[in-house]
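Below: one structure, written as structure tokens.
The values are calculated or read from the model by the stated rules, or taken from the named source; none is laboratory data. Bear in mind that the values here come from a model prediction, so they are computed numbers and not experimental data. Neighbour counts run over all protein chains shown; Cβ positions are idealised from the backbone, glycine included. Ligands, DNA and RNA are excluded from the accessible area calculation, which covers all protein heavy atoms including side chains. Shrake-Rupley method; radii C 1.70, N 1.55, O 1.52, S 1.80 Å.
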Amino acid sequence: MAMAAALRREGRRFASPLISSQPITHVRSSLIPEEHVPLGARSISTQIVRNRMKSVKNIQKITKAMKMVAASKLRLIQTRAENSRGLWQPFTALLGDTPSVDVKKNVIVTISSDKGLCGGINSTAVKVSRAINRLTSGPDKETKYVILGEKAKVQLIRDSKKSITICMTELQRNPLNYTQVSVLADDILKNVEYDALRIVFNKFQSVVSFIPTMATVLSPEVVERETESEGKLGDLDSYEIEGGETKGEILQNLSEFQFSCVLFNAVMENACSEQGARMSAMDSSSRNAGDMLDRLTLTYNRTRQASITTELTEIISGAAALES
């Protein structure tokens, strides 16, 4: 009898909220859209949580696989990028790197990736390019864009569509070598008029670090003008010219060769930065997916326990109603 009385008391205690005159406040979960939650629902379904957990696990598998692929590509490209630094360094020692030179025709060569999921390297290159455009603009000056990469094209075409001269994409589909990049550089030189080429790229430092960098390549006319004005390039007169070529021809050849070497190094450095940034981004995504799985597991356990408690309450209430 005492047991029956206790069951009746528990049944009345759990049943009292259901017969209350006050409206039932339903609980909305962040796991399902608000409009799909029925009025009066006390908790979400365990099936919904299980489906969400399954989706997060699949995403985590993808991000881990992408991290490993990026690490494999980074090891292949890093050595080539480090070796390519020896190509443009002699030109820097001979011709210098004068980013502050004031010229009328500027061409900004922006290098980016064709694919996303690699952090902010593309946005950084675009921001630097826009800043250079503002600095080199003027009433009697002209600034054009040459874009290498789909991501920079998508961003710059919004506000600088008329200034874009050349767009090239899918550069990283196949491994690039110096011969391919030199042909690409030759096409750029044939289709643009410039006094200064300003190459914007991300220089690789480590897996988690890259530096936005600008390299400047001057035209032969500007180099000769700076030499005659005893500027930073005045030391060129100390070199003797052998053979039948004139000084202008030699400067022309040096300028074209310098641009191809700098462009090859810039493409390699940016490719390294892209893979390093993708590794870092995918690692962060995998950790975030793990944290989300922990939270979903806790939500699933709570939902399942609430369902069990509700069923026990209904059994006790039914037993109490039968005995009364």
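Among the residues here, SER160 qualifies as in contact with a Phe, Trp or Tyr (Cβ under 8 Å, 6 or more places away or on another chain) and either at positive phi or of a type outside the set (Val, Ile, Thr) (or both). Considering LYS190, LYS162, the condition of being more than 21 Å from VAL262 (Cα to Cα) and either without any contact (Cβ under 8 Å) to a residue 24 or more places away in the chain or open to solvent by 40 Å² or more (accessible area, probe 1.4 Å) (or both) is satisfied by LYS162 alone. Does ASN288 count as under 18 Å from LEU74 (Cβ atoms) and either part of a helix (DSSP H, G or I) or touching a Lys or Arg at 6+ places or on another chain (Cβ under 7 Å) (or both)? Against the criterion (under 18 Å from LEU74 (Cβ atoms) and either part of a helix (DSSP H, G or I) or touching a Lys or Arg at 6+ places or on another chain (Cβ under 7 Å) (or both)), ASN288 does not qualify. The requirement of being outside any strand (DSSP E or B) and at pLDDT 90 or above is not satisfied by LYS203.
Looking at region 194-215, which of its residues are of a type in the set (Val, Ile, Thr) and either crowded, with 23+ Cβ neighbours inside 10 Å or touching a helix residue (DSSP H, G or I) at 6+ places or on another chain (Cβ under 6 Å) (or both)?
ILE199, VAL200, VAL207, VAL208
Can you name the residue in region 136-156 that is surrounded by 13 or more Cβ atoms within 10 Å (Cβ to Cβ) and over 18 Å from the mean Cα position of the chain (by Cα) and is also farthest from MET268 (Cα to Cα) among such residues? The residue in question is LYS141. Selection of first residues in region 308-324 that are over 27 Å from THR46 (Cα atoms) and of second residues that are assigned to a helix (DSSP H, G or I) and modelled with pLDDT of 90 or more, restricted to Cβ pairs under 9 Å at least 6 apart or on distinct chains, gives an empty result. Which members of region 216-246 meet the condition of being open to solvent by less than 50 Å² (accessible area, probe 1.4 Å) and at pLDDT 85 or above? Passing the criteria: THR216, VAL217, LEU218, SER219, PRO220, VAL222. Among the residues of region 44-83, just one is part of a loop (DSSP other than H, G, I, E, B) and open to solvent by less than 40 Å² (accessible area, probe 1.4 Å), namely ILE44.
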